[in-house]
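Here's the structure, in structure tokens; my notes come after.
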């Protein structure tokens, strides 16, 4: 039997059975629809992970590691594996919307859950806004490469970059918002199509690079900057893997969550890792490291300069557009589900969590977040604030690794369809995950930590002035075993 846990006060823990029961019985505002399967969830993970990172970040990685950037991609994936395993265990055991927020509520208490939920709201919102700005830039690149035409800066960039209003960013945010409001089944279909398109484009790149331009001469010297270069590149590349955790936000809409969530979380990470390794090998073997490092579009440079395909830039720019759109769709989806879970628990106004009976989605919440993100993308400089995404993600990963250990100790009898190996009684895998995460967090700049602490201070004020007094657990708290 597990230990008795307090369900009043800021350290109140919400029992996992109660979390699951709330989703099954449905609150007065209705519940989410279970409508997606393993393929949809896996595509959700791939859609969130494979974005513009692979199209551009490989050049930065090569500058640090040389052709050994291949090893950097493997090292970054290994860093993610431990957190992915922990997400898989918690998602299968507590198949409820909210991801790290919900897991913290069931393991570390309401205050910690609020902190991570507040953190994820910012992380996901800023991510969507920043990616929308990137979408506008890639749209102009596609138009220029394909039609020798580009939108004027006045309507294609934010005021901080000399423009007036970033119209493309607003357009894509509102378009994604509309798709999300239509229902999770429609969202999953749209994402599956986009994932298929970008995988086809990357497959085309891999095949052409290997068959027409690959030369082992480009792989020497393999590691010009030694082990330090490989590790430094891995720290940069790690953020190209972020997004697999978005799968767990769909737990409440999965048809068979106990089976499908672990498959989708781990499966999407494995698929993305294989694709990244193949792309990196094809790239560094098809063009010299110096050219790749200096190019703003390294994959396009491989096809153009290495393989002699002049229309490569247009194809890769189109691929980047599709990749960015699917990232936006999945991350925006994740944000609404986390906000939904917090509102349903009373930590946010409960009216926000009302589900439309026809679409089975929180439409009002989706529209509200969409308008806020569109304004952010249109007018606010995101260059510095976007760095909060990195620390926010790592913080969520940290708590999920810790949460597995805590739940093993406090609820040893609970059903766990998927179990992290080497997690109990000596939590080897979670401790490795925690160690790697803390190492990466120490590499983040000091100003990022200052902004993070500032955002957390605002969140704590909201919790103690509103969330704590409106929390359903606090108002109906009782001892649970």
Task: Cα Rg over Rh - segment 57-98, Kirkwood - done: 1.26
TODO: Sort 14, 354 so the one with the fewest other Cβ atoms within 10 Å of its own Cβ comes first.
DONE: 354, 14
Task: When segment 157-297 is reduced to its Cα atoms, the Kirkwood hydrodynamic radius in Å - done: 18.7 Å
- [ ] Per DSSP H run of at least 4 residues, take -39500 (n - 2.57); add these up for the chain, divide by its residues and hand me the 222 nm value, nearest 500 deg cm²/dmol.
- [x] -21500 deg cm²/dmol
Task: Whole-Å distance, taken between Cα centres, linking segment 143-157 and segment 40-100 - done: 32 Å
- [ ] Please tell me the relative contact order of the chain in percent, rounded to the nearest whole number, where contacts are Cα pairs under 8 Å and at least six residues apart.
- [x] 34 percent
Task: Rg and Dmax of segment 16-475, Cα atoms only, in Å - done: 21.6, 68
Task: Two-site label geometry, residue 174 and residue 11: point separation in nm, points 7 Å out along Cα→Cβ - done: 4.9 nm
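Taking neighbour counts of Cβ atoms within 10 Å as a proxy for exposure, in what order, fewest first, do 195, 247 appear? Could you put the intermediate results ahead of the total?
Working: 195 25, 247 36.
Going from sparsest to densest Cβ surroundings: 195, 247.
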Task: Under the Debye formula (equal points on every Cα, no solvent term), log10 I(q)/I(0) of segment 92-212 at q = 0.10, 0.14, 0.17 Å⁻¹ - done: -0.53, -0.90, -1.08
Task: For segment 306-370, the spread of Cα positions along each principal axis, largest first, Å - done: 59, 24, 15
Open item on the list: Just want the ordering: 366, 442, 273, from fewest to most Cβ atoms lying within 10 Å of their own Cβ.
Closed with: 442, 273, 366
- [ ] Would you mind checking the tilt of helix 38-49 against the longest principal axis of the Cα atoms of the chain, expressed as 0 to 90 degrees and rounded to 10?
- [x] 60 degrees
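All of the numbers you see were taken from the coordinates with simple rules; none came from a lab. Please read all numbers here as calculations on a predicted model, not as lab measurements. As a convention, Cβ positions derive from the backbone with ideal geometry for all residues, glycine included, and neighbour counts pool all protein chains shown.
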